[in-house]
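The values are calculated or read from the model by the stated rules, or taken from the named source; none is laboratory data. Predicted, not measured: the structure shown is a model, and the values here were computed from it. So basically every Cβ, Gly included, is an ideal-geometry build from the backbone, and we count neighbours across all protein chains shown. Quick note on the areas: whole protein, heavy atoms, side chains included, nothing else; ligands and nucleic acids left out. Shrake-Rupley method; radii C 1.70, N 1.55, O 1.52, S 1.80 Å.
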Amino acid sequence: MTSVLYDVPGPKARRRSLIASIATGLLLAGALAWVIATLAGEGLFDAERWDIFQDPLVWAALGNALLVTLQVAVLASVLAVLVGSVFAVLRLSSLKIVRVPVTVVLEFFRGMPVLLMMFFILILFATSQYWAVVMGLALYNGAIIGEALRSGIVALPKGQREAGLALGLSPLKARLLIEFPQAFRAMTPIIVAQLVVLLKDSSLGYIVGLEELVRRQRTLAEFYGFSQYGFSFFVITLLAFLIVNLTLSWFARRLASRTPGGRGPRRAARAAIGESADTTVIRTAGAGGA
């Protein structure tokens, strides 16, 4: 039996794959158990290293810092999508005087490390750390999102644009009203995945002086005693980021399963049949009216 893209594995190959998966899982479980045992042997899980978290003020400080991190991420995400949308439309302009400068700027933003971009905005525009982080994340991730949207538009059938032009739409209106919505929907899982990266990159605000979660936990650990509580604050911060990022990743997978490209075979077939039937009805009605 063969598939379109690869040979379907037989019973022996599936058995070997199962054995390899079990062996790998056991090795990872053993490595994790060894790490936990080593940390426990050094006393990092002793009660006196975690008693600080009985203080509500500590949780309030961490919660406020997490709120700052989420605010930065949300604002930068909105701006990144807007910047990416503008880049995608201008990058596909038929005017060379528009397309070439936009391409140069986009490649500049994509090539510059996001941390250097934060410092660049902070120093050049003499802005606050908050806006330096927001704008740095927005420009860097907006450039990447713009390329994803451009790829989605280019991948659309040419008939979509030609149909809009045939209806009397201008090239720009055909791009914005017909092609862009379809490309945005198809690229939504990729955009959400990039926004997960944006959220993780918000921790770089610690380096430019922003009082977000990473910097706040470091400050609290040094205030209460880094040698005793440094590991504890690190674990709490790690769990907070994992919960938020895994939630966003789950949301991205859900979106991927709901988009046309992520549908299962049966759902995709039913959708195709439905679209074909609707198209037939419309064409029949149009022919009858003519």
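The table for this structure:
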{"item": "Debye, to nearest 20: dipole size of segment 52-275, +1 on Lys, Arg Cβ, -1 on Asp, Glu Cβ", "result": "1080 debye"}
{"item": "Listed residues Trp250, Trp50 arranged by accessible area, highest first, probe 1.4 Å", "result": "Trp250, Trp50"}
{"item": "Nearest 10 degrees, 0 to 90: helix 129-155 Cα axis against the chain principal axis", "result": "30 degrees"}
{"item": "Nearest 10 degrees, 0 to 90: helix 11-41 Cα axis against the chain principal axis", "result": "30 degrees"}
{"item": "For the chain, with +1 on Lys and Arg beta carbons and -1 on Asp and Glu, the positive-most of Val35, Leu75, Leu248 along the dipole", "result": "Leu248"}
{"item": "Calculated semi-axes √(5λ) of the Cα gyration tensor in Å (choose from [x] 31, 23, 19; [y] 41, 23, 14; [z] 45, 31, 17), label", "result": "[z]"}
{"item": "Nearest-ten-degree value, helix 114-124 long axis tilted from longest Cα axis of the chain", "result": "80 degrees"}
{"item": "The chain, relative contact order [Cα under 8 Å, separation at least 6], %", "result": "19 percent"}
{"item": "Carbon plus sulfur fraction of accessible area for segment 1-131, probe 1.4 Å, in percent", "result": "73 percent"}
{"item": "Furthest towards positive pole of dipole, Leu137, Leu199, Met187, structure part segment 52-275, Cβ charges", "result": "Met187"}
{"item": "Theoretical ellipticity at 222 nm over the chain - DSSP helices of four or more residues, -39500 (n - 2.57) apiece, nearest 500", "result": "-27000 deg cm²/dmol"}
